[in-house]
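The values are calculated or read from the model by the stated rules, or taken from the named source; none is laboratory data. Treat the numbers as computed from the prediction; the structure is a model and nothing was measured. Positions of Cβ are backbone-derived with ideal geometry, glycine not excepted, and every protein chain shown enters the neighbour counts.
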Amino acid sequence: MWNSLEGNIAKYNMLRIFNKRVFLPLIAVYLVGVGQITVAQLAIISSVTALVQIILEIPTGYLADKWGHKNSIVFGNFILTLSVLPYIFYPNFWGGLSASVLYFGGYTFCSGTMQAFMHETLLSLGRGRDYARVMGKSQSYGLLGNVILISLVPLTYSLDQRLPFIIGFFCLFISFLVATSLKLPTKREFIHEEHNVKKEFRFIFKSSGVVVLLAFFMLAGISTSGFNQATVYSELTFKSVGVPVFYYGFILAVGSLLAAVMGRYIHRLAEWPAKKFFIFDILYLCLALILIGLTKNPLVIIFAFILFPVYNRNRGIVFESRLFAEFPAIKHKSTLISVLNFFPILNNLWVPFLLTYWIGVFGFTVGYMFYGLSLLGVLFSVFLVYKFSKRN
């Protein structure tokens with residue numbers, strides 16, 4: 001079974017586990033302590049990396065469609081593996097910068113491409129409708145594996161400061177080997193005789209309407225950015241209401257474990273009508289944010305913050321499933337998912353400032369409430385555009 005097309009599903013589960021940076025919690029500590037870099041230099045690394053993602057996200061998706069999805073996945077995992085070496089041999093500013101750029105640059109070759117590859121695999125197996133179910137289970141396995149590795153690998157830091165990164169290198173190397181063993185789908189169910197990207201995207205605009213498609217991408221982009229930014233100040237919010245630092249890691253672990261459980265059921269949301277799903281998606285985000293500002297009770301605030309990763313780590317599967325369901329025959333699927341992934345990056349240009357503004361005015365808890373109310377207004381406005389454009 002491992003060498004069959006069905007084996008791609010098990011291999012994807014392994015990729016979800018091993019192509020992550022298992023040393024992630026140690027990067028800042030390692031670079032500051034060993035490499036003697038400053039907080040300002042860490043910020044530069046973060047900014048440059050974000051710029052690389054913005055520049056490469058869509059072009060690498062298009063290259064994957066032209067070059068071949070498996071080729072892109074293998075190449076991306078090869079770059080991911082190399083990205084650890086600067087941490088091991090050059091733990092300074094330039095090493096940290098090159099490692100971060102290589103990792104996220106390599107990841108753009110896999111982001112969107114893996115989803116497109118798995119959709120084509122499922123189509124070839126006659127299981128196209130099972131996309132959300134299969135990907136949800138894979139997300140569940142990936143989260144459980146990540147919780148175990150990210151909990152255990154940093155413990156080796158006390159033995160040798162480079163050891164977690166060496167282990168991380170071998171984890172990513174395993175991911176690369178798994179990627180090389182992926183079996184190409186044999187059945188290509190495309191409805192177009194010509195697969196020119198301009199022709200295909202004209203087909204998308206004609207079949208869905210430009211406004212509907214852009215509203216779809218904006219709903220996904222704004223809400224995803226909203227979810228991602230919601231946890232940026234979680235620890236500072238916990239501190240403001242008196243939650244001891246000792247519990248921060250435990251809270252993070254609980255969120256990840258519950259997200260793994262949620263992954264096994266996320267396919268049920270993909271079965272909902274689009275408008276019903278969007279309303280749920282908007283209300284889930286905004287009501288959780290508002291809840292933080294309604295009380296100073298630490299337990300309630302912890303509960304609200306746990307809600308974000310539980311759902312956010314799985315919801316992207318629903319958006320992907322809806323795109324694939326509407327355009328099952330399009331060849332340039334990786335490009336399409338790359339566009340979907342680009343919109344959260346685009347909205348990161350303003351959403352973080354919205355949260356920072358309200359926190360600056362009202363403090364952490366109440367600031368979150370106004371952040372939620374603001375997003376509620378913006379998202380429902382975009383939803384109304386989607387709803388009425390879809391009707392026409």
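Hey, among the residues in segment 89-100 that are in a helix (DSSP H, G or I) and among the aromatic types (Phe, Trp, Tyr), which one's surrounded by the fewest Cβ atoms within 10 Å (Cβ to Cβ)?
Let us first name the residues in segment 89-100 that are in a helix (DSSP H, G or I), namely 89, 93-100.
Subsequent filtering for residues that are among the aromatic types (Phe, Trp, Tyr) retains 89, 93-94.
Working: PHE89: 10, PHE93: 17, TRP94: 13.
In this case the residue turns out to be PHE89.
Within segment 132-186, track down each residue that is polar (S, T, N, Q) and closer than 19 Å to LEU252 by Cβ. Steps first, answer last, please.
To start, the set of residues in segment 132-186 that are polar (S, T, N, Q) comprises 138-140, 146, 151, 156, 158, 161, 175, 180-181, 186.
Correct list: GLN139, SER140, ASN146, SER151.
Yes or no, residue by residue, for (1) free of Cβ contacts under 8 Å to residues at least 24 places away in the same chain; (2) surrounded by fewer than 21 Cβ atoms within 10 Å (Cβ to Cβ); (3) more than 19 Å from PRO309 (Cβ to Cβ); (4) not assigned by TED's automatic domain parsing to the domain that holds ILE345:
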| residue | (1), (2), (3), (4) |
| --- | --- |
| THR224 | no, no, no, no |
| GLU235 | yes, yes, no, no |
| SER240 | no, yes, yes, no |
| GLY263 | no, no, no, no |
| LYS275 | no, yes, yes, no |
| ASP281 | no, no, no, no |
| TYR284 | no, yes, no, no |
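Condition test on TYR311, is it hydroxyl-bearing (Ser, Thr, Tyr), farther than 18 Å from ALA220 by Cβ and in contact with a Phe, Trp or Tyr (Cβ under 7 Å, 6 or more places away or on another chain)?
Values: hydroxyl-bearing (Ser, Thr, Tyr): yes; farther than 18 Å from ALA220 by Cβ: no; in contact with a Phe, Trp or Tyr (Cβ under 7 Å, 6 or more places away or on another chain): yes.
Spelling it out, it is not the case that TYR311 is hydroxyl-bearing (Ser, Thr, Tyr), farther than 18 Å from ALA220 by Cβ and in contact with a Phe, Trp or Tyr (Cβ under 7 Å, 6 or more places away or on another chain).
Any residue at all in segment 256-268 that's part of a helix (DSSP H, G or I), β-branched (Val, Ile, Thr), within 20 Å of SER140 (Cβ to Cβ) and at pLDDT below 95? Lay out the reasoning, then the answer.
Here is the first cut: in segment 256-268, the ones part of a helix (DSSP H, G or I) are 256-263, 267-268.
Of the ones still in play, those that are also β-branched (Val, Ile, Thr) are 261.
Now narrow it down to the ones that are within 20 Å of SER140 (Cβ to Cβ): 261.
Okay, now just the ones that are also at pLDDT below 95, so 261.
Scanning segment 256-268 turns up at least one residue that is part of a helix (DSSP H, G or I), β-branched (Val, Ile, Thr), within 20 Å of SER140 (Cβ to Cβ) and at pLDDT below 95.
In segment 109-132, which residues are closer than 18 Å to PHE75 by Cβ, in a helix (DSSP H, G or I) and either in contact with a Leu (Cβ under 6 Å, 6 or more places away or on another chain) or among the polar types (S, T, N, Q) (or both)?
Passing the criteria: THR113, GLN115.
Going by the conditions given, is VAL351 crowded, with 18+ Cβ neighbours inside 10 Å, touching a Leu at 6+ places or on another chain (Cβ under 7 Å) and either of a type in the set (D, E, K, R) or in contact (Cβ under 8 Å) with a residue 12 or more places away in the chain (or both)?
On the way: crowded, with 18+ Cβ neighbours inside 10 Å: yes; touching a Leu at 6+ places or on another chain (Cβ under 7 Å): no; either of a type in the set (D, E, K, R) or in contact (Cβ under 8 Å) with a residue 12 or more places away in the chain (or both): yes.
So VAL351 does not fit the description; no.
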